[in-house]
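Peer 1: I am attaching a structure below and will ask some questions about it afterwards.
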Amino acid sequence: MNFECIDVSVEESIALVTLNRPDKLNALNAQVLNELNSAFTQLATQSQLRCVIVTGAGPKAFAAGADIRELQECTPKSGTDFAERGQSIFQMIEDFPIPVIAAVNGFALGGGCELAMACHFRYASPNAQFGQPEVKLGIIPGYGGTQRLTRLCGPAMAIELITSGVMISAERALQCGLINAIVPSEQLLDACRKTALSIASMAPLAVRASLKAIRAQAHGNGMDVEAREFAELCGSHDFHEGTSAFLEKRSATFKGQ
Ligand code: COA
């Protein structure tokens, strides 16, 4: 896949998507969003893929938010399109059928924090800083931040961060459940890859079904989806293989069937 503002590579069934505007701290302009949209649309068709990692180029930032130069042009009318475009692309990431891990290697501010939160879980380097500083610009988060931050960390934390615009450290982000782990900067991508490879070695249909059931909680029908997915998997080749391999004390060979 050839893009200008992002890089996409695939190795051992793991895709790495890198925001690549380090001189602008990987700020999310319209082109970055369009390229993310195309990249995830194309990656969704690659059935051999097992996990995606999203990160930012350079040592300073995952992404320092929506591009403020473009943002400044928003009017009440175009503001709707601006927010809905970002919301729909980030929703596609949240709805992605296989796990998406954010490797947060520096600032994750505004739309950058919202992108990290649209990923399924996050590892961060010790220098990562998180925040929703939109109030400083006279606006609020528009790419799902009010909803996902509230879901992840609770309303009290969301209200503190969104109304004060304060940046928090990786340590505090860990305490409030925004990230899963802090990993030394030079090991961050390897740690994400290690988890991604572990996911890749599991039964593929079960991994996808896990995401469907967990996601269904937000729609209030989680138990129904869990029971349905569980039942369907009981008819799969990989269920037979996984249970037989355990009982025969050997490694399972999954086929994704
Ligand atoms: N949109 C557009 N450009 C941005 C940007 C953004 N969100 N964030 C950073 N940049 C650009 C800067 O304008 C600068 O470009 P220049 O070299 O052409 O002047 C470059 O990235 C480096 O940023 P700089 O501010 O010089 O780095 P810093 O280390 O001094 O500060 C931040 C880092 C993250 C604290 C600061 O860049 C910042 O506050 N960015 C905006 C964060 C924000 O409000 N995001 C929410 C947007 S809705």
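The values are calculated or read from the model by the stated rules, or taken from the named source; none is laboratory data. Since this is a predicted model, take the numbers as computed values, not measurements. Cβ coordinates were reconstructed from backbone atoms using ideal geometry, including for glycine residues, and neighbour counts include every protein chain displayed.
Peer 1: Tell me which of these Ile89 doesn't satisfy, since it passes every other one: (1) of a type in the set (A, V, I, L, M, F, W, C); (2) touching a helix residue (DSSP H, G or I) at 6+ places or on another chain (Cβ under 6 Å); (3) over 23 Å from Asp190 (Cα atoms); (4) within 13 Å of the ligand (Cβ to nearest atom).
Peer 2: With respect to (1) of a type in the set (A, V, I, L, M, F, W, C); (2) touching a helix residue (DSSP H, G or I) at 6+ places or on another chain (Cβ under 6 Å); (3) over 23 Å from Asp190 (Cα atoms); (4) within 13 Å of the ligand (Cβ to nearest atom), Ile89 is out only on (4).
Peer 1: Let me ask you something else. Take Ile101 and decide whether it is at pLDDT 95 or above, more than 11 Å from the ligand (Cβ to nearest atom) and either touching a helix residue (DSSP H, G or I) at 6+ places or on another chain (Cβ under 9 Å) or not basic (Lys, Arg) (or both).
Peer 2: yes
Peer 1: So which residues in the stretch 33-74 are more than 10 Å from the ligand (Cβ to nearest atom), in a helix (DSSP H, G or I) and in contact with a helix residue (DSSP H, G or I) (Cβ under 7 Å, 6 or more places away or on another chain), if there are any at all?
Peer 2: Result: Leu33, Leu36, Asn37, Phe40.
Peer 1: Would you be able to tell me the number of residues in the stretch 1-10 that are over 28 Å from Ala203 (Cβ atoms) and surrounded by 18 or more Cβ atoms within 10 Å (Cβ to Cβ)?
Peer 2: Within the stretch 1-10, the subset over 28 Å from Ala203 (Cβ atoms) is 2-7.
Now narrow it down to the ones that are surrounded by 18 or more Cβ atoms within 10 Å (Cβ to Cβ): 5-6.
Number of matching residues: 2.
Peer 1: Here's another thing I want to ask about it. Against the definition (over 30 Å from Val207 (Cα atoms) and not hydrophobic (A, V, I, L, M, F, W, C)), how does Glu114 come out, yes or no?
Peer 2: So Glu114 does not fit the description; no.
Peer 1: Go through the stretch 11-34 and report how many residues are within 19 Å of Pro97 (Cα to Cα) and surrounded by 15 or more Cβ atoms within 10 Å (Cβ to Cβ).
Peer 2: 5
Peer 1: Show the residue pairs that are 6+ apart or on different chains and have beta-carbon atoms under 9 Å apart, the first residue being within the stretch 9-27 and in contact (Cβ under 8 Å) with a residue 40 or more places away in the chain and of a type in the set (D, E, K, R), the second being within 16 Å of the ligand (Cβ to nearest atom) and part of a loop (DSSP other than H, G, I, E, B).
Peer 2: Lys24/Ala64; Lys24/Asp67
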